[in-house]
Amino acid sequence: MVRFAKRVRSIEPSPTVRLSDMIAESKAQGKTILSLAIGEPDFPTPAHIVDAAKKALDAGFTKYTPAPGIRELREAIAEKSRTENRIPAKPENVLVAPTKHTLFMTCMALLDSGDEAILPDPGWVSYGPMVTLAGARPVPVRASDEDGFVPTADAVAEAITPRTRLLLLNSPSNPGGSVYSRAQTKALADLAVDHDLILVSDEIYEKILYQGEHVSPASLDGMFDRTITVNGFSKTFSMTGWRLGWLVAPPPLFKEIAKVQEHTITCATAFVQKAGVAALTGPTAPLEAMVKEFRARRDLVLRELSKIDGLSTYTPSGAFYVFPKVDGMEDSAALCERILEETSVAVTPGSAFGAAGEGHIRLSYAASRETITESVRRMGDVLRRR
Ligand SMILES: Cc1ncc(COP(=O)(O)O)c(C=O)c1O
């Protein structure tokens, strides 16, 4: 009998990855599933980015690169961080890796057994398991509908113990689509200072913003030295399959996290890094067109959802998800299964995002307008028959 490690036995498979795989498999078998379950833009990667990768391949750029990334890309990311995010980053602070892996390496470098990491609840499905894999304890803090899915400083303060090491923030957020205000970000950053915590800021939806401003905690006074900023190409440039992202960290943190990179993936894929340079330095028109379309779809999905009784839906300010609350519903997994079986529409149960996500359904509007309208109509039929 194989005995698996406790750290792996204590986590579940990713519910969203499972759902995506299941949808892909069903499609491959010729079944038509309408999906509002996938967290990836349904736009092609812009041509100039694809061309840069092809050029790099043709030029034989297919070998190991320096572990933290190629110089050009680290420079482009540092420049972007300084000008767009007001983070005082130098290329030496930039570590290039798939975004998910940057978060995992951060947990591995900073958490010991018995340590605690505070996470927003509802929050992205992988934060908790990554903390668990590092041997530490995830501490979810409720970021409720009433608080616009932003963890309040009071709730976070209450969750802090002498074992708390990390505070993880995510704005714009998945699944709530919330955007933390400057004041909210500052209040949370102050807690990190007061309790000597490292702040991890996941900014992957930074550019998919409809209202408000994007505030990087590392730009706030005195915060650079205790903040790890995580970002990536997946959502902004429709590059989910390229597996490219980065983190920005002050030197002592960078040094330890880089060791994890050196002993795990070594470096990000060489020619993909060249594509990353093209993404950051190329035309912004594809991004602007995508965000414009997402905004229209957000309005569409909200309009369609408002036709269904018994739903309350917070208006998201960013990302491409809505997270309606279904009155009197206590088992979102069972409901989503029923929606899928009866109507061939895939949506994600709120419980996948934490205890506070129960009672909700996540709909990704990274899908065509027709798919959105038809899926919400079918979902409404099931909800009316409840
Ligand atoms: C909040 C959040 N952070 C990080 C990631 C990971 O991004 P990537 O797929 O680029 O590694 C995702 C992906 O869905 C996400 O939603």
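The values are calculated or read from the model by the stated rules, or taken from the named source; none is laboratory data. Just so we're clear, the structure is a prediction, and the values are computed from it rather than from any experiment. No Cβ is skipped: glycine too gets one built from the backbone with ideal geometry, and neighbour counts run over all protein chains shown. Just the protein is used for accessible areas: all its heavy atoms, side chains included, with ligands, DNA and RNA removed. Shrake-Rupley method; radii C 1.70, N 1.55, O 1.52, S 1.80 Å.
Structure above, values below:
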| quantity | calculated |
| --- | --- |
| Qualifying residue in the stretch 297-305 (condition: closer than 29 Å to Ser144 by Cα, in contact with a strand residue (DSSP E or B) (Cβ under 8 Å, 6 or more places away or on another chain) and not hydrophobic (A, V, I, L, M, F, W, C)) | yes |
| Test: residue in the stretch 225-232 that is closer than 15 Å to Phe320 by Cα and open to solvent by less than 20 Å² (accessible area, probe 1.4 Å) | no |
| Tally, over the stretch 33-52, of residues that are within 16 Å of the ligand (Cβ to nearest atom), of a type in the set (A, V, I, L, M, F, W, C) and surrounded by 21 or more Cβ atoms within 10 Å (Cβ to Cβ) | 3 |
| Scan of the stretch 158-178 for residues that are more than 14 Å from the ligand (Cβ to nearest atom) and either of a type outside the set (Gly, Ala, Ser) or open to solvent by 40 Å² or more (accessible area, probe 1.4 Å) (or both), ordered by number | Glu158, Ile160, Thr161, Pro162, Arg163, Thr164, Arg165, Leu166, Leu167 |
| Total residues in the stretch 344-386, condition without any contact (Cβ under 8 Å) to a residue 60 or more places away in the chain and either aromatic (Phe, Trp, Tyr) or surrounded by 16 or more Cβ atoms within 10 Å (Cβ to Cβ) (or both) | 5 |
| Residues (of a type in the set (Asp, Glu) and closer than 16 Å to Ala319 by Cβ) located in the stretch 200-233 | Asp202, Glu203, Glu206, Glu213 |
| The stretch 54-93, subset within 13 Å of Leu244 (Cβ to Cβ) and more than 16 Å from the ligand (Cβ to nearest atom), residue surrounded by the most Cβ atoms within 10 Å (Cβ to Cβ) | Arg74 |
| Residue within the stretch 256-266 that is assigned by TED's automatic domain parsing to the domain that holds Ser234, without any contact (Cβ under 8 Å) to a residue 60 or more places away in the chain, open to solvent by 60 Å² or more (accessible area, probe 1.4 Å) and closer than 30 Å to Pro98 by Cα present | yes |
| Residue within the stretch 24-32 that is open to solvent by 50 Å² or more (accessible area, probe 1.4 Å), in contact (Cβ under 8 Å) with a residue 60 or more places away in the chain and more than 22 Å from the chain's Cα centre (by Cα) present | yes |
| Number of the exception - Gly128 against (1) away from the ligand (no atom under 16 Å from the Cβ); (2) among the small types (Gly, Ala, Ser); (3) assigned to a helix (DSSP H, G or I) | (1) |
| The stretch 186-230, residues that are over 27 Å from Met108 (Cβ atoms) and free of Cβ contacts under 8 Å to residues at least 12 places away in the same chain | Asp221 |
| Criterion (away from the ligand (no atom under 16 Å from the Cβ), hydrophobic (A, V, I, L, M, F, W, C) and closer than 20 Å to Ile204 by Cβ) met by exactly one of Val272, Val277 | Val277 |
